[in-house]
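S.K.: Sharing a structure with you now.
The values are calculated or read from the model by the stated rules, or taken from the named source; none is laboratory data. Small disclaimer: the values here were computed from a predicted structure and weren't measured. Using ideal geometry, Cβ is built from the backbone for each residue, glycine included, and neighbour counts are taken over all protein chains shown. The protein model used for the area step is the full one, side chains on, heavy atoms only, and it has no ligands, DNA or RNA in it. Shrake-Rupley method; radii C 1.70, N 1.55, O 1.52, S 1.80 Å.
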Amino acid sequence: MTTVEALLAPYRGPAGNQPYDELVTETEHALQCADLAIDDGATDALIVAALFHDIGHVIDPADEHHELTGARYLRRRFGRDVAGPVGLHVEAKRYLVAVDPDYAGKLSVGSVASLELQGGPLPRHCVRSFEAARHWADAVALRRWDDAAKEPGRPTRTLEDHVDRIHAMLRQARVTP
């Protein structure tokens, strides 16, 4: 199995068909998130991050720190520009709740519940530290796509449509596809 096949395999199997939130599966969520990144003109690294941002959930649905598991998994394959935003996307939700008074009201029921488990709004003294992180702005963009990628039946590109971009990012990271 090639690296690309190994990355996509969980999304093609039973784990990818598990519910992500109230309305979509893990694979539907991943594809919608990547499409939103493409529509916003994101870099290839950020599009790949959007596609795989919840890979920690797909690999281990019981993982309580899926963002860290996913970031470690992706860093070995793609490097920091893909893994960085993935590792920060949960903290980005906490950040947005802390700095944007309207943000919390837009969260889905599942995101509100997970926010509590993730520690609630980011404490004020941590906001500047988050903003100092290398990939914080990309993580905030990813978080917003993540929140919007929950529309049942939304047409998306397929996993196969992302293969060339994944190959290119693996080559850029000097990983054999």
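S.K.: What is the packing order of peptides 134-140, 119-125, taking the mean over residues of other C-beta atoms within 10 Å and listing the highest first?
M.R.: Most protected by this proxy first, the peptides run 134-140, 119-125.
S.K.: I would also like to ask the following. Rounded to the nearest Å, what's the spacing between the alpha carbon centres of the range 1-48 and the range 147-177? Just the number, please.
M.R.: So the two Cα centres are separated by 7 Å.
S.K.: Dipole size in debye (nearest 20) for the chain around its Cα centre, Lys and Arg Cβ +1, Asp and Glu Cβ -1?
M.R.: It works out to roughly 680 debye.
S.K.: Right, another one. Sticking with the crude label model, points 7 Å out along Cα→Cβ, report the distance from residue 80 to residue 125 in nm, one decimal please.
M.R.: My value for the distance between the label points is 2.7 nm.
S.K.: Between helix 80-99 and the chain, what is the angle of the helix's C-alpha long axis to the longest principal axis, kept within 0 to 90° and rounded to the nearest 10?
M.R.: Rounded to the nearest ten degrees, it is 20.
S.K.: Right, another one. Let me check I've understood the local charge: for residue 12, count other residues with C-beta under 12 angstrom from its C-beta, Lys and Arg +1, Asp and Glu -1. What total comes out?
M.R.: -3
S.K.: Counting alpha carbon pairs within less than 8 Å and at least 6 residues apart, what relative contact order, in whole percent, applies to the chain?
M.R.: 28 percent
S.K.: With label points built 7 Å along Cα→Cβ from the Cα atoms of residue 116 and residue 157, find their separation and express it in nm.
M.R.: So the two model labels end up 3.8 nm from each other.
S.K.: In Å², and per residue, what accessible area does the chain have when probed at 1.4 Å with the other protein chains present?
M.R.: It amounts to 49 Å² per residue over the chain.
S.K.: Sorted by accessible area (1.4 Å probe), largest first, how do 93, 150, 106 line up?
M.R.: 106, 150, 93
S.K.: Here's another thing I want to ask about it. Which one, (1) 33, 17, 13; (2) 21, 19, 17; (3) 25, 18, 15, gives semi-axes √(5λ) of the Cα gyration tensor in Å as derived from the coordinates shown?
M.R.: Matching the structure shown: (3).
S.K.: Per-residue ellipticity at 222 nm for the chain, helices alone: DSSP H runs ≥ 4 residues times -39500 (n - 2.57), over residue total, nearest 500 deg cm²/dmol?
M.R.: -19500 deg cm²/dmol
S.K.: Add +1 for every Lys or Arg and -1 for every Asp or Glu among the other residues with Cβ under 13 Å from the Cβ of residue 68, and state the total.
M.R.: Residues near residue 68 contribute -4 overall.
S.K.: Label residue 63 and residue 168 with points 7 Å out from Cα along Cα→Cβ: what is the distance between them in nm?
M.R.: Each label point is offset 7 Å from its Cα along the Cβ direction, giving 2.6 nm.
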